[in-house]
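Working notes, structure below.
Values in this text are rule-based calculations from the coordinates and carry no lab data. Bear in mind that the values here come from a model prediction, so they are computed numbers and not experimental data. Heads up, the Cβs are rebuilt from the backbone with ideal geometry, glycines too, and the neighbour counts pull from every protein chain shown.
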Amino acid sequence: MAITIISYPNNTIDLSIDEFTTLDSLEMVQNLWVNVSDATDEDYIEIIFNGVTTTLLITDECRYTPFDIAFKNKHGALQIVTMFKAMKKELSVNREEFESDRGQAIDGIHQFVKYNIQGRETFKINSGFVNENMNEVFKQLILSENVWHLLNGNYIPLNVKSSSLPYKTRQEDRLINYELDFEYAYNEINNI
């Protein structure tokens, strides 16, 4: 089976991958990356695989930088969901303190000395308006044990902080937008 990728209306991206005759999973297509920045004058991209056509609408988001989140879905495959809207970052700091008798404050000596300072960044991010069928994708994301921020080909580890996911419907919520809480899965100051 061949995989065909074509962008419309100008066909800037026109790619066809021939079928593989092997059943070796290392030689089969596992992930398909489409660099949408190559299709600046296009409206959408069609991917045809196994007789099924998937359409990717190209959206130019001028206000916010798209944020790619990769996670292992229920089938154990890597899946990517792009968040398009507002993101608010926060730094939480933990520290310990002791009272010192080393000198006086007038001499620039701290009476209360902080030590073992550690911080972690957390953030809230919005999906932007999505279809109701994305409920399953966000369900799998919040249940996933392995989540990463995909940035320039690097996988930055994340943990999902959100502990509930209210399912949204078009009938009740009209425009569906998910807001999720994440934290980076490492400390700001490496102490290991």
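Structure values in brief
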| read-out | value |
| --- | --- |
| For VAL147, residues with placed amide H under 5 Å, excluding near neighbours | LEU158 |
| Residues of type lysines that LYS161 reaches as a straight line, Cα spacing below 17 Å, ignoring anything fewer than 8 places off in the same chain | LYS72, LYS88, LYS89, LYS124, LYS139 |
| Debye, to nearest 20: dipole size of the chain, +1 on Lys, Arg Cβ, -1 on Asp, Glu Cβ | 720 debye |
| Calculated semi-axes √(5λ) of the Cα gyration tensor in Å (choose from (i) 32, 16, 15; (ii) 23, 20, 16; (iii) 44, 20, 18), label | (iii) |
| Within straight-line cross-link reach of LYS74, aspartates and glutamates at Cα separation under 15 Å, skipping those fewer than 8 residues along the same chain | GLU136, GLU145 |
| Three-way shape label, the range 47-93, alpha-carbon gyration tensor, a/c 1.5 | oblate |
| Neighbour-count order for TRP148, TRP33, fewest beta carbons within 10 angstrom listed first | TRP33, TRP148 |
| Charge dipole magnitude, Cβ of K and R +1, D and E -1 - the range 91-192, Cα centre, debye nearest 20 | 300 debye |
| Total charge dipole magnitude, the range 1-58, about the Cα centre, Cβ charges on Lys, Arg, Asp, Glu only, Debye to nearest 20 | 120 debye |
